[in-house]
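J.: I'd like to ask you about the structure that follows.
Bear in mind that the values in this text are calculations on the coordinates, not laboratory data. Because the structure is predicted, anything quoted here is derived from the model rather than measured. Cβ placement follows ideal geometry from the backbone for every residue including glycine, while neighbour counts extend to all protein chains displayed.
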Amino acid sequence: MGETNGFLERDGERLAWRRVAGAAPTVVWLGGFRSDMAGTKAQALADWAEANGRGFLRFDYFAHGESSGDFLQGTITRWRLDALAMIDAMTEGPLVLVGSSMGGWLACLAALARPERVAGLVLIAPAADFTEALMWAQMDAAARKAVETDGVWMRPSDYGDPYPIGRALIEDGRRWSILPGPVGITAPVRVLQGGHDPDVPWRHALALAEVIEAEDLVFTLIRDGDHRLSRPSDIARLIGAVEDVG
């Protein structure tokens, strides 16, 4: 049957999605900040779903990838609601939420909002509270002043041109803080974290794992792994973790 695609209309914007029809629990991919659903890990899961007859959904948040929207207006509130809208409109039955980086935070927020739907979670370098703990906390005085006074700071990037960090993103992120916990997720959880991740320190991911209430939780530290965890060995671990919880 293959993968189908389309758009979900929400609040005057169009959210792009791709879906593989198959058996439950449906795997839902939640990507990272400034990422999109066409990345290596999401594609690998789509291929796995097709090969194994499993349901799979991936999508782009507001102002990401193929979806519409002004990135500067993006917030955790908005992207959380995007995820819930996709879950509610595009899936049925039990789910395995797979969240990468920011998507790990959003997967936790979605699991807390829809606990009856979640059979398991796989969190890859989960960036819980990243707007405060991994952005604001690391900004120098000039960057903070730009955010507070001008409403935006152009953050340098190792992967391309500088990109905007808006005051709305920082302030809104504080509303959704889940650390220092406890985090009332009881479904099985697998955490995959690189030991050489420059964006999400492994101790930050471990701090989240320590306060998630699930009894069935396994934290895997991939000592030589980076933030993306997209090598063949990393992909094999990811697929293994998905199969393990669902």
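J.: What nm distance separates the two modelled labels at MET139 and ASP244, each placed 7 Å from Cα along Cα→Cβ?
T.: A separation of 3.7 nm, rounded to one decimal place.
J.: For the chain, what does the equivalent ellipsoid look like in terms of its semi-axes, each the square root of 5 times an eigenvalue of the Cα gyration tensor, given largest first in whole Å?
T.: 27, 21, 17
J.: Can you tell me how the range 59-134 classifies by the Cα gyration tensor, rounded, prolate or oblate, using a/c under 1.5 as the rounded cut?
T.: Judged from the Cα gyration tensor, the range 59-134 comes out oblate (a/c at least 1.5, b/c at or above a/b).
J.: Taking neighbour Cβ counts within 10 Å as the exposure measure, how do ASP11, ASP140, ASP197 sort from fewest upward?
T.: Values: ASP11 11, ASP140 7, ASP197 20.
Ranked by crowding around the Cβ, least crowded first: ASP140, ASP11, ASP197.
J.: Give me the percent of DSSP beta bridges within the chain that run antiparallel, rounded to the nearest 5.
T.: Counting DSSP beta bridges with both partners in the chain, the antiparallel share is about 40 percent.
J.: Label-point separation (nm) for ARG14 and TYR163, each offset 7 Å from Cα along Cα-to-Cβ?
T.: 2.2 nm
J.: For the chain, with a Gaussian network of springs between Cα atoms less than 10 Å apart, report the residue from ALA83, ALA119, ALA21 with the top mean-square fluctuation.
T.: So, out of ALA83, ALA119, ALA21, the one fluctuating most is ALA21.
J.: Relative to the present Cα-Cα distance, how much length would full extension add between GLU50 and GLN73 at 0.36 nm per residue of separation?
T.: Details: separation 23, 0.36 × 23 = 8.28 nm, distance 3.49 nm.
So the extension gain works out to 4.8 nm.
J.: By counting other Cβ atoms within 10 Å of each Cβ, how are VAL122, VAL183, VAL218 ranked from fewest to most? Intermediate values should be presented prior to the final figure.
T.: Numbers: VAL122 30, VAL183 21, VAL218 14.
Least crowded to most crowded, the residues run VAL218, VAL183, VAL122.
J.: Which of the three applies to the range 112-163, rounded, prolate or oblate, going by the alpha-carbon gyration tensor with a ≥ b ≥ c and a/c under 1.5 meaning rounded?
T.: Prolate, because a/c is 1.5 or more and a/b exceeds b/c.
J.: Which shape class applies to the range 11-148: rounded if a/c is under 1.5, otherwise prolate when a/b exceeds b/c and oblate if not, where a ≥ b ≥ c are the square roots of the Cα gyration tensor eigenvalues? Walk me through the intermediate numbers first.
T.: Working: a/c = 2.00, a/b = 1.79, b/c = 1.11.
Prolate shape, in that a/c is at least 1.5 and a/b is the bigger ratio.
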